[in-house]
Amino acid sequence: MRVSQLRRAATVGAAALIAFGAAGAFLTGPASAKANARVSVVHGIPGQPVDVYVNGKKTLPDFQPGKVAGPLSLPAGEYDIALTKPGDPIADALLTVDNAEVPGGANISLVAHLSADGKPVLTPFVNDTAKLGAGKTRLVVRHTAAAPAVDVRAGGKPVFEDLTNPKEAKADLDAGTVSADVVLAGSDTRVLGPADLDLKEGTATIVYAVGSAEDKTLDIVSQTITGLHSAPGGVPSGTGGLADRGLSLPWYGVGIAGILLAMLGFARLATGRR
Amino acid sequence: MSRRGGLVLLAVGAVLTASFGVAACQARPAGDFESPAGTSPVSAAPAEPSVPIQDGKLPTATAADDSPTRLAVPALKLNATVDAVGIDAKTGDFAVPPSVDQVGWYRFGPGFSAAAGSIVVAGHVDSAAEGKGAFFRLGELEAGDEVMLTGPGGKTRVFEVVARERYRKTAIPLRKFFARDGDPRLTLITCGGPFDPKTRHYRDNVVVTAAPVS
(Lines give C-alpha, C1' and ligand atoms only; values in the text may rest on other atoms or scores of the structure.)
Protein backbone atom coordinates (compact mmCIF):
# COMPACT_ATOMS: atom_id res chain seq x y z
CA MET A 1 0.00 0.00 0.00
CA ARG A 2 2.65 2.41 1.10
CA VAL A 3 4.89 1.42 -1.73
CA SER A 4 2.16 1.95 -4.30
CA GLN A 5 1.46 5.41 -2.89
CA LEU A 6 5.09 6.29 -3.13
CA ARG A 7 5.21 5.01 -6.64
CA ARG A 8 2.17 7.04 -7.56
CA ALA A 9 3.74 10.17 -6.11
CA ALA A 10 6.91 9.53 -8.05
CA THR A 11 4.96 9.05 -11.27
CA VAL A 12 3.07 12.30 -10.77
CA GLY A 13 6.31 14.09 -9.99
CA ALA A 14 8.01 12.75 -13.09
CA ALA A 15 5.03 13.67 -15.25
CA ALA A 16 5.08 17.19 -13.82
CA LEU A 17 8.81 17.52 -14.48
CA ILE A 18 8.38 16.39 -18.06
CA ALA A 19 5.47 18.77 -18.57
CA PHE A 20 7.44 21.71 -17.16
CA GLY A 21 10.48 20.78 -19.18
CA ALA A 22 8.44 20.59 -22.36
CA ALA A 23 6.80 23.94 -21.61
CA GLY A 24 10.21 25.48 -20.99
CA ALA A 25 11.58 24.17 -24.25
CA PHE A 26 8.50 25.40 -26.06
CA LEU A 27 8.78 28.88 -24.54
CA THR A 28 12.48 29.39 -25.21
CA GLY A 29 12.54 27.66 -28.60
CA PRO A 30 10.85 30.14 -30.94
CA ALA A 31 12.53 33.27 -29.51
CA SER A 32 16.05 32.07 -30.24
CA ALA A 33 15.04 30.56 -33.58
CA LYS A 34 13.65 33.89 -34.79
CA ALA A 35 16.77 36.08 -34.45
CA ASN A 36 19.06 36.21 -37.44
CA ALA A 37 22.66 35.06 -37.14
CA ARG A 38 25.48 37.46 -37.95
CA VAL A 39 28.00 35.71 -40.17
CA SER A 40 31.44 36.98 -41.17
CA VAL A 41 33.64 35.27 -43.73
CA VAL A 42 37.41 35.23 -43.22
CA HIS A 43 39.81 34.35 -46.02
CA GLY A 44 42.90 32.66 -44.62
CA ILE A 45 44.24 30.70 -47.60
CA PRO A 46 47.27 32.54 -49.02
CA GLY A 47 47.54 33.20 -52.74
CA GLN A 48 44.09 32.07 -53.79
CA PRO A 49 41.30 34.63 -54.44
CA VAL A 50 37.87 32.98 -54.52
CA ASP A 51 34.22 33.51 -55.34
CA VAL A 52 32.04 32.61 -52.33
CA TYR A 53 28.65 31.03 -53.03
CA VAL A 54 25.95 30.74 -50.37
CA ASN A 55 23.10 28.37 -51.33
CA GLY A 56 24.22 28.53 -54.97
CA LYS A 57 24.23 32.36 -55.09
CA LYS A 58 27.48 34.23 -55.66
CA THR A 59 27.72 36.32 -52.48
CA LEU A 60 31.36 37.46 -52.44
CA PRO A 61 32.94 37.79 -55.89
CA ASP A 62 36.75 37.78 -56.14
CA PHE A 63 37.26 37.59 -52.36
CA GLN A 64 40.94 38.23 -51.62
CA PRO A 65 43.15 36.40 -49.07
CA GLY A 66 43.60 38.28 -45.81
CA LYS A 67 40.20 39.98 -46.06
CA VAL A 68 37.20 39.78 -43.74
CA ALA A 69 33.69 40.12 -45.19
CA GLY A 70 30.47 40.81 -43.37
CA PRO A 71 28.77 40.50 -41.10
CA LEU A 72 25.91 39.11 -43.17
CA SER A 73 22.57 38.83 -41.44
CA LEU A 74 21.30 35.31 -42.14
CA PRO A 75 18.15 33.59 -40.85
CA ALA A 76 18.89 30.48 -38.80
CA GLY A 77 19.06 27.30 -40.85
CA GLU A 78 21.33 25.13 -42.95
CA TYR A 79 23.44 26.60 -45.72
CA ASP A 80 25.43 25.20 -48.62
CA ILE A 81 28.68 27.07 -49.03
CA ALA A 82 31.10 26.77 -51.94
CA LEU A 83 34.39 28.47 -52.80
CA THR A 84 35.50 28.56 -56.43
CA LYS A 85 38.39 30.10 -58.31
CA PRO A 86 37.11 33.50 -59.50
CA GLY A 87 34.82 32.93 -62.50
CA ASP A 88 34.82 29.12 -62.25
CA PRO A 89 31.46 27.29 -62.22
CA ILE A 90 30.25 26.04 -58.87
CA ALA A 91 30.71 22.45 -60.11
CA ASP A 92 34.49 22.99 -60.10
CA ALA A 93 34.53 24.35 -56.55
CA LEU A 94 37.78 24.26 -54.60
CA LEU A 95 35.88 23.65 -51.40
CA THR A 96 32.26 22.90 -50.56
CA VAL A 97 30.45 22.53 -47.27
CA ASP A 98 26.84 21.38 -47.45
CA ASN A 99 24.22 21.80 -44.73
CA ALA A 100 26.40 24.06 -42.61
CA GLU A 101 24.37 24.76 -39.47
CA VAL A 102 23.80 28.46 -38.69
CA PRO A 103 22.09 28.77 -35.30
CA GLY A 104 19.76 31.73 -34.70
CA GLY A 105 21.05 34.75 -32.81
CA ALA A 106 24.68 33.63 -32.96
CA ASN A 107 27.68 35.59 -34.19
CA ILE A 108 29.76 33.30 -36.38
CA SER A 109 32.99 33.53 -38.32
CA LEU A 110 33.30 31.16 -41.27
CA VAL A 111 37.00 30.76 -41.87
CA ALA A 112 38.50 29.40 -45.08
CA HIS A 113 41.95 28.19 -44.08
CA LEU A 114 44.46 25.39 -44.25
CA SER A 115 44.19 22.38 -41.98
CA ALA A 116 47.20 21.29 -39.91
CA ASP A 117 48.31 19.11 -42.83
CA GLY A 118 47.82 21.86 -45.42
CA LYS A 119 44.41 21.07 -46.99
CA PRO A 120 41.86 23.88 -47.59
CA VAL A 121 38.98 23.65 -45.11
CA LEU A 122 36.12 25.81 -43.91
CA THR A 123 35.75 26.06 -40.13
CA PRO A 124 32.92 27.86 -38.34
CA PHE A 125 33.79 29.60 -35.07
CA VAL A 126 31.17 30.99 -32.71
CA ASN A 127 32.23 34.45 -31.53
CA ASP A 128 31.87 35.41 -27.88
CA THR A 129 29.89 38.66 -27.96
CA ALA A 130 29.14 38.83 -24.24
CA LYS A 131 29.40 42.40 -22.92
CA LEU A 132 32.78 43.40 -21.54
CA GLY A 133 33.27 45.23 -18.27
CA ALA A 134 34.04 48.95 -18.60
CA GLY A 135 37.71 49.43 -19.52
CA LYS A 136 38.11 45.87 -20.81
CA THR A 137 38.92 44.34 -24.18
CA ARG A 138 38.68 40.76 -25.48
CA LEU A 139 41.51 39.01 -27.29
CA VAL A 140 40.75 35.81 -29.21
CA VAL A 141 43.48 33.85 -31.00
CA ARG A 142 42.60 31.12 -33.53
CA HIS A 143 45.10 28.65 -34.90
CA THR A 144 44.06 28.19 -38.52
CA ALA A 145 47.47 27.63 -40.10
CA ALA A 146 49.25 24.57 -41.47
CA ALA A 147 51.65 24.65 -38.54
CA PRO A 148 52.35 22.74 -35.34
CA ALA A 149 51.13 23.72 -31.88
CA VAL A 150 52.07 27.24 -30.81
CA ASP A 151 52.21 29.50 -27.77
CA VAL A 152 50.98 33.08 -27.98
CA ARG A 153 53.00 35.51 -25.88
CA ALA A 154 52.23 39.02 -24.71
CA GLY A 155 55.15 41.11 -23.53
CA GLY A 156 57.33 37.97 -23.78
CA LYS A 157 55.14 35.92 -21.42
CA PRO A 158 53.00 33.04 -22.72
CA VAL A 159 49.30 33.86 -22.39
CA PHE A 160 47.87 31.04 -24.51
CA GLU A 161 49.83 27.80 -24.55
CA ASP A 162 49.86 24.75 -26.81
CA LEU A 163 47.24 26.01 -29.23
CA THR A 164 46.57 23.62 -32.14
CA ASN A 165 44.70 23.89 -35.45
CA PRO A 166 41.69 24.53 -35.45
CA LYS A 167 41.37 25.61 -31.81
CA GLU A 168 40.95 29.03 -30.24
CA ALA A 169 41.97 30.65 -26.97
CA LYS A 170 40.61 33.87 -25.50
CA ALA A 171 40.92 36.24 -22.57
CA ASP A 172 39.37 39.50 -21.38
CA LEU A 173 42.12 42.04 -20.64
CA ASP A 174 42.51 45.70 -19.73
CA ALA A 175 42.21 47.75 -22.90
CA GLY A 176 45.48 49.06 -24.31
CA THR A 177 48.45 48.10 -26.42
CA VAL A 178 50.22 44.77 -26.03
CA SER A 179 53.27 43.51 -27.85
CA ALA A 180 52.45 39.97 -28.98
CA ASP A 181 54.26 37.20 -30.81
CA VAL A 182 53.71 33.54 -31.66
CA VAL A 183 56.30 30.86 -30.95
CA LEU A 184 56.41 27.09 -31.46
CA ALA A 185 54.84 25.53 -28.35
CA GLY A 186 57.26 25.33 -25.46
CA SER A 187 60.07 27.06 -27.35
CA ASP A 188 61.45 30.51 -28.12
CA THR A 189 61.32 29.89 -31.88
CA ARG A 190 59.29 32.79 -33.16
CA VAL A 191 56.96 32.03 -36.08
CA LEU A 192 54.97 35.30 -36.12
CA GLY A 193 55.48 38.80 -34.81
CA PRO A 194 56.26 40.57 -32.65
CA ALA A 195 53.49 43.09 -33.33
CA ASP A 196 51.95 45.85 -31.22
CA LEU A 197 48.23 45.18 -30.92
CA ASP A 198 46.01 48.14 -30.11
CA LEU A 199 43.26 46.36 -28.19
CA LYS A 200 40.38 48.83 -28.02
CA GLU A 201 38.00 49.06 -25.10
CA GLY A 202 34.63 47.37 -25.62
CA THR A 203 35.96 45.51 -28.65
CA ALA A 204 36.78 41.87 -29.36
CA THR A 205 39.91 41.47 -31.49
CA ILE A 206 40.12 38.08 -33.17
CA VAL A 207 43.53 37.17 -34.53
CA TYR A 208 43.87 34.28 -36.99
CA ALA A 209 47.20 32.60 -37.66
CA VAL A 210 46.95 31.55 -41.32
CA GLY A 211 49.08 30.13 -44.10
CA SER A 212 51.61 27.35 -44.06
CA ALA A 213 54.83 26.96 -42.09
CA GLU A 214 56.24 24.66 -44.75
CA ASP A 215 55.55 27.12 -47.59
CA LYS A 216 56.73 30.05 -45.44
CA THR A 217 53.39 31.80 -45.93
CA LEU A 218 52.47 32.17 -42.25
CA ASP A 219 50.58 35.38 -41.67
CA ILE A 220 47.99 37.07 -39.51
CA VAL A 221 44.42 38.04 -40.36
CA SER A 222 42.44 39.95 -37.80
CA GLN A 223 38.76 40.69 -37.28
CA THR A 224 37.17 43.05 -34.76
CA ILE A 225 33.71 43.03 -33.21
CA THR A 226 32.78 46.39 -31.69
CA GLY A 227 29.96 47.50 -29.42
CA LEU A 228 30.63 45.09 -26.52
CA HIS A 229 31.25 47.95 -24.06
CA SER A 230 29.45 48.54 -20.77
CA ALA A 231 29.01 51.73 -18.74
CA PRO A 232 31.19 52.26 -15.65
CA GLY A 233 29.84 50.89 -12.38
CA GLY A 234 29.25 54.38 -11.02
CA VAL A 235 30.43 57.96 -10.91
CA PRO A 236 31.71 58.71 -7.39
CA SER A 237 32.42 62.43 -7.42
CA GLY A 238 32.12 63.93 -3.98
CA THR A 239 33.39 63.16 -0.49
CA GLY A 240 33.08 66.49 1.29
CA GLY A 241 29.41 66.84 2.12
CA LEU A 242 29.44 70.59 1.37
CA ALA A 243 26.87 70.21 -1.36
CA ASP A 244 24.30 68.53 0.89
CA ARG A 245 21.75 71.31 1.02
CA GLY A 246 19.26 69.19 2.93
CA LEU A 247 17.87 70.50 6.26
CA SER A 248 19.81 69.47 9.34
CA LEU A 249 17.99 68.32 12.48
CA PRO A 250 18.24 71.65 14.40
CA TRP A 251 16.18 73.36 11.71
CA TYR A 252 13.33 70.91 12.31
CA GLY A 253 13.60 71.74 16.05
CA VAL A 254 13.24 75.43 15.24
CA GLY A 255 10.16 74.72 13.13
CA ILE A 256 8.49 72.60 15.80
CA ALA A 257 9.30 75.07 18.58
CA GLY A 258 7.85 77.86 16.46
CA ILE A 259 4.60 76.04 15.91
CA LEU A 260 4.31 75.13 19.61
CA LEU A 261 4.94 78.72 20.73
CA ALA A 262 2.43 80.07 18.27
CA MET A 263 -0.19 77.59 19.49
CA LEU A 264 0.55 78.55 23.09
CA GLY A 265 0.18 82.22 22.16
CA PHE A 266 -3.20 81.55 20.56
CA ALA A 267 -4.30 79.67 23.64
CA ARG A 268 -3.28 82.56 25.90
CA LEU A 269 -5.07 85.04 23.70
CA ALA A 270 -8.20 82.95 23.67
CA THR A 271 -8.27 82.44 27.47
CA GLY A 272 -7.34 86.13 28.08
CA ARG A 273 -10.37 87.26 26.04
CA ARG A 274 -12.70 85.19 28.17
CA MET B 1 -0.50 90.89 30.93
CA SER B 2 -1.54 87.47 29.80
CA ARG B 3 -2.79 88.99 26.56
CA ARG B 4 0.58 90.64 25.87
CA GLY B 5 2.42 87.45 26.76
CA GLY B 6 0.20 85.60 24.31
CA LEU B 7 0.99 88.08 21.55
CA VAL B 8 4.75 87.79 22.18
CA LEU B 9 4.61 84.00 22.10
CA LEU B 10 2.59 84.15 18.91
CA ALA B 11 5.09 86.55 17.29
CA VAL B 12 8.15 84.50 18.28
CA GLY B 13 6.44 81.32 17.14
CA ALA B 14 5.55 82.88 13.80
CA VAL B 15 9.12 84.09 13.25
CA LEU B 16 10.58 80.64 14.03
CA THR B 17 8.07 78.87 11.82
CA ALA B 18 8.72 81.31 8.98
CA SER B 19 12.49 80.91 9.20
CA PHE B 20 12.04 77.13 9.13
CA GLY B 21 9.94 77.58 6.03
CA VAL B 22 12.56 79.78 4.34
CA ALA B 23 15.33 77.31 5.20
CA ALA B 24 13.25 74.44 3.88
CA CYS B 25 12.61 76.28 0.61
CA GLN B 26 16.28 77.09 0.14
CA ALA B 27 17.28 73.53 0.89
CA ARG B 28 14.98 72.12 -1.76
CA PRO B 29 17.09 71.04 -4.73
CA ALA B 30 16.29 72.52 -8.09
CA GLY B 31 13.82 70.31 -9.92
CA ASP B 32 14.74 68.16 -12.89
CA PHE B 33 13.95 69.35 -16.36
CA GLU B 34 14.33 67.90 -19.75
CA SER B 35 13.53 69.22 -23.17
CA PRO B 36 12.64 66.34 -25.42
CA ALA B 37 14.77 67.59 -28.32
CA GLY B 38 18.20 66.17 -28.85
CA THR B 39 18.16 63.04 -26.73
CA SER B 40 16.41 60.48 -28.91
CA PRO B 41 18.70 57.76 -30.19
CA VAL B 42 19.12 57.57 -33.93
CA SER B 43 17.76 54.35 -35.34
CA ALA B 44 17.78 54.97 -39.07
CA ALA B 45 18.81 51.69 -40.67
CA PRO B 46 20.92 52.29 -43.75
CA ALA B 47 19.92 50.44 -46.89
CA GLU B 48 21.80 47.13 -47.09
CA PRO B 49 24.51 47.53 -49.72
CA SER B 50 26.75 44.69 -50.89
CA VAL B 51 28.65 42.87 -48.17
CA PRO B 52 31.21 45.14 -46.49
CA ILE B 53 34.78 43.87 -46.76
CA GLN B 54 37.58 44.86 -44.39
CA ASP B 55 41.27 44.37 -44.62
CA GLY B 56 42.23 41.87 -41.92
CA LYS B 57 45.19 43.96 -40.76
CA LEU B 58 46.14 44.01 -37.11
CA PRO B 59 44.71 46.94 -35.17
CA THR B 60 47.99 48.79 -34.66
CA ALA B 61 47.35 52.35 -35.86
CA THR B 62 46.04 54.44 -33.01
CA ALA B 63 43.46 57.00 -34.04
CA ALA B 64 44.32 60.71 -33.86
CA ASP B 65 43.97 62.29 -30.44
CA ASP B 66 40.42 63.48 -29.84
CA SER B 67 40.66 64.47 -26.18
CA PRO B 68 38.89 67.59 -24.96
CA THR B 69 41.26 69.85 -23.01
CA ARG B 70 39.09 72.50 -21.35
CA LEU B 71 35.49 72.92 -20.26
CA ALA B 72 33.96 76.37 -19.77
CA VAL B 73 30.54 77.19 -18.34
CA PRO B 74 30.06 81.00 -18.32
CA ALA B 75 26.87 80.80 -16.21
CA LEU B 76 28.90 79.19 -13.39
CA LYS B 77 32.08 81.22 -14.09
CA LEU B 78 33.72 77.82 -14.57
CA ASN B 79 36.77 77.11 -16.71
CA ALA B 80 38.40 73.79 -15.86
CA THR B 81 41.16 71.57 -17.23
CA VAL B 82 39.84 68.33 -18.71
CA ASP B 83 41.85 65.13 -18.09
CA ALA B 84 41.42 61.98 -20.17
CA VAL B 85 40.44 59.28 -17.68
CA GLY B 86 39.21 55.69 -17.71
CA ILE B 87 38.15 53.19 -15.11
CA ASP B 88 39.29 52.76 -11.52
CA ALA B 89 40.66 49.19 -11.69
CA LYS B 90 39.78 48.48 -8.05
CA THR B 91 36.13 49.48 -8.20
CA GLY B 92 35.13 49.43 -11.87
CA ASP B 93 33.89 53.00 -11.41
CA PHE B 94 34.57 56.11 -13.49
CA ALA B 95 38.04 57.36 -12.45
CA VAL B 96 37.09 60.98 -11.66
CA PRO B 97 40.31 63.06 -11.30
CA PRO B 98 41.15 63.34 -7.59
CA SER B 99 42.03 67.02 -7.91
CA VAL B 100 38.73 68.86 -7.45
CA ASP B 101 39.51 71.71 -9.84
CA GLN B 102 39.95 69.30 -12.74
CA VAL B 103 37.26 67.35 -14.52
CA GLY B 104 37.59 64.01 -16.32
CA TRP B 105 36.60 63.02 -19.85
CA TYR B 106 35.71 59.32 -20.30
CA ARG B 107 38.35 58.36 -22.85
CA PHE B 108 36.71 55.08 -23.88
CA GLY B 109 33.55 56.85 -25.07
CA PRO B 110 32.93 59.48 -27.78
CA GLY B 111 35.59 62.20 -28.04
CA PHE B 112 35.68 65.93 -28.73
CA SER B 113 34.65 65.78 -32.39
CA ALA B 114 32.11 62.94 -31.98
CA ALA B 115 29.28 62.99 -34.52
CA ALA B 116 27.27 60.53 -32.44
CA GLY B 117 26.91 59.45 -28.84
CA SER B 118 27.52 60.92 -25.42
CA ILE B 119 30.75 62.78 -24.61
CA VAL B 120 30.96 62.28 -20.85
CA VAL B 121 32.74 64.68 -18.50
CA ALA B 122 32.54 64.06 -14.74
CA GLY B 123 33.89 66.19 -11.92
CA HIS B 124 33.85 66.42 -8.18
CA VAL B 125 31.13 68.41 -6.48
CA ASP B 126 33.56 68.63 -3.54
CA SER B 127 36.07 66.59 -1.60
CA ALA B 128 36.84 66.19 2.07
CA ALA B 129 40.46 67.21 1.47
CA GLU B 130 40.10 70.06 -1.02
CA GLY B 131 36.65 71.55 -0.46
CA LYS B 132 34.40 72.76 -3.24
CA GLY B 133 34.98 71.17 -6.65
CA ALA B 134 34.69 72.38 -10.24
CA PHE B 135 31.14 71.01 -10.49
CA PHE B 136 29.97 72.38 -7.10
CA ARG B 137 27.19 74.38 -8.76
CA LEU B 138 26.44 72.06 -11.69
CA GLY B 139 22.92 71.49 -10.38
CA GLU B 140 22.12 75.21 -10.86
CA LEU B 141 22.42 75.11 -14.65
CA GLU B 142 19.25 76.00 -16.53
CA ALA B 143 17.95 75.12 -19.99
CA GLY B 144 19.75 77.19 -22.62
CA ASP B 145 22.91 77.82 -20.56
CA GLU B 146 26.02 77.51 -22.72
CA VAL B 147 28.79 74.98 -22.22
CA MET B 148 32.02 75.29 -24.22
CA LEU B 149 34.33 72.36 -24.83
CA THR B 150 37.84 72.95 -26.19
CA GLY B 151 39.52 70.18 -28.15
CA PRO B 152 42.84 69.43 -29.85
CA GLY B 153 44.34 72.42 -31.61
CA GLY B 154 42.23 74.88 -29.60
CA LYS B 155 39.02 74.16 -31.52
CA THR B 156 35.85 74.89 -29.57
CA ARG B 157 32.40 73.29 -29.65
CA VAL B 158 29.45 75.10 -28.10
CA PHE B 159 26.69 73.15 -26.40
CA GLU B 160 23.40 74.25 -24.84
CA VAL B 161 21.88 72.70 -21.72
CA VAL B 162 18.75 70.70 -22.55
CA ALA B 163 18.28 68.58 -19.43
CA ARG B 164 19.15 68.44 -15.75
CA GLU B 165 18.33 65.31 -13.82
CA ARG B 166 19.03 63.87 -10.39
CA TYR B 167 19.08 60.13 -9.76
CA ARG B 168 19.87 57.88 -6.84
CA LYS B 169 23.21 56.25 -7.64
CA THR B 170 21.48 52.87 -7.37
CA ALA B 171 18.97 53.78 -10.07
CA ILE B 172 20.84 56.01 -12.53
CA PRO B 173 20.55 54.80 -16.16
CA LEU B 174 24.30 54.91 -16.81
CA ARG B 175 23.98 52.93 -20.04
CA LYS B 176 22.00 55.81 -21.52
CA PHE B 177 24.46 58.43 -20.32
CA PHE B 178 27.48 56.48 -21.60
CA ALA B 179 25.87 55.44 -24.92
CA ARG B 180 28.20 55.61 -27.90
CA ASP B 181 25.36 56.00 -30.39
CA GLY B 182 22.40 58.32 -30.80
CA ASP B 183 22.48 62.10 -31.21
CA PRO B 184 25.77 63.79 -30.30
CA ARG B 185 25.58 65.30 -26.83
CA LEU B 186 27.71 66.40 -23.90
CA THR B 187 26.90 64.78 -20.56
CA LEU B 188 28.19 66.37 -17.34
CA ILE B 189 28.00 64.29 -14.16
CA THR B 190 28.68 65.02 -10.50
CA CYS B 191 27.35 64.05 -7.08
CA GLY B 192 24.44 65.52 -5.21
CA GLY B 193 21.56 64.96 -2.83
CA PRO B 194 21.89 63.93 0.80
CA PHE B 195 25.41 63.20 2.10
CA ASP B 196 26.12 60.26 4.36
CA PRO B 197 28.91 61.38 6.72
CA LYS B 198 29.60 57.74 7.73
CA THR B 199 30.35 56.39 4.23
CA ARG B 200 31.41 59.87 2.98
CA HIS B 201 29.30 59.48 -0.12
CA TYR B 202 26.43 61.36 -1.64
CA ARG B 203 23.26 59.43 -2.35
CA ASP B 204 22.63 60.88 -5.81
CA ASN B 205 24.21 61.83 -9.11
CA VAL B 206 23.38 65.10 -10.85
CA VAL B 207 23.43 64.82 -14.65
CA VAL B 208 23.31 67.74 -17.07
CA THR B 209 22.83 67.03 -20.77
CA ALA B 210 23.81 69.61 -23.39
CA ALA B 211 23.17 69.45 -27.13
CA PRO B 212 25.54 70.92 -29.73
CA VAL B 213 24.53 74.34 -31.04
CA SER B 214 24.52 73.99 -34.82
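The values are calculated or read from the model by the stated rules, or taken from the named source; none is laboratory data. Every value quoted in this text rests on a predicted model; they were computed, and no experiment measured them. A quick note on method: Cβ atoms are made from the backbone with ideal geometry, for glycine too, and the neighbour counts reach across all protein chains shown. The area values use the complete protein model at the heavy-atom level, side chains included, leaving out ligands, DNA and RNA. Shrake-Rupley method; radii C 1.70, N 1.55, O 1.52, S 1.80 Å.
Summary table below
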| item | result |
| --- | --- |
| Where A:Ala231 falls short, out of the listed (1) part of a strand (DSSP E or B); (2) at negative phi; (3) more than 13 Å from the chain's Cα centre (by Cα) | (1) |
| Test: residue in region A:245-259 that is in contact with an Asp or Glu (Cβ under 6 Å, 6 or more places away or on another chain) and open to solvent by 50 Å² or more (accessible area, probe 1.4 Å) | no |
| Which numbered condition A:Ser115 misses (of (1) under 20 Å from A:Val210 (Cβ atoms); (2) out of contact with any Phe, Trp or Tyr (no Cβ under 9 Å at 6 or more places or on another chain); (3) open to solvent by 40 Å² or more (accessible area, probe 1.4 Å); (4) more than 14 Å from chain B (Cβ to nearest Cβ)) | (3) |
| Top-ranked residue of region B:53-100 - restricted to ones that are within 19 Å of the chain's Cα centre (by Cα) and acidic (Asp, Glu), ranked as farthest from the other protein chains (Cβ to nearest Cβ) | B:Asp83 |
| Single unsatisfied condition, A:Thr129 versus (1) open to solvent by less than 50 Å² (accessible area, probe 1.4 Å); (2) under 23 Å from A:Thr224 (Cα atoms) | (1) |
| Scope region A:188-228; condition in a loop (DSSP other than H, G, I, E, B) and more than 17 Å from A:His143 (Cα to Cα); matching residues | A:Asp188, A:Lys200, A:Glu201, A:Gly202, A:Thr203, A:Thr226, A:Gly227, A:Leu228 |
| Check on A:Val210, surrounded by fewer than 22 Cβ atoms within 10 Å (Cβ to Cβ) and either within 7 Å of chain B (Cβ to nearest Cβ) or touching a Leu at 6+ places or on another chain (Cβ under 9 Å) (or both) | no |
| Cβ-Cβ under 9 Å pairs, at least 6 apart or on other chains, region A:132-150 side under 30 Å from B:Ala95 (Cβ atoms), far side of a type in the set (Lys, Arg) | A:Leu132/A:Arg138; A:Thr137/A:Lys200; A:Arg138/A:Lys170; A:Leu139/A:Lys170; A:Val140/A:Lys170; A:Val141/A:Lys170 |
| Filter pass, A:Phe125 being aromatic (Phe, Trp, Tyr) and in contact (Cβ under 8 Å) with a residue 40 or more places away in the chain | yes |
| Single match in A:Val121, A:Val159, A:Val140 (criterion: aliphatic (A, V, I, L, M) and buried (at least 21 other Cβ atoms within 10 Å of the Cβ)) | A:Val140 |
| Residue tally, condition part of a loop (DSSP other than H, G, I, E, B) and either open to solvent by less than 10 Å² (accessible area, probe 1.4 Å) or at negative phi (or both), over region A:40-51 | 5 |
| Count - residues of region A:52-87 that are buried (at least 18 other Cβ atoms within 10 Å of the Cβ), of a type in the set (Gly, Ala, Ser) and within 21 Å of the chain's Cα centre (by Cα) | 2 |
| Residue within region B:158-174 that is within 18 Å of B:Val85 (Cα to Cα), surrounded by fewer than 24 Cβ atoms within 10 Å (Cβ to Cβ) and out of contact with any His (no Cβ under 6 Å at 6 or more places or on another chain) present | yes |
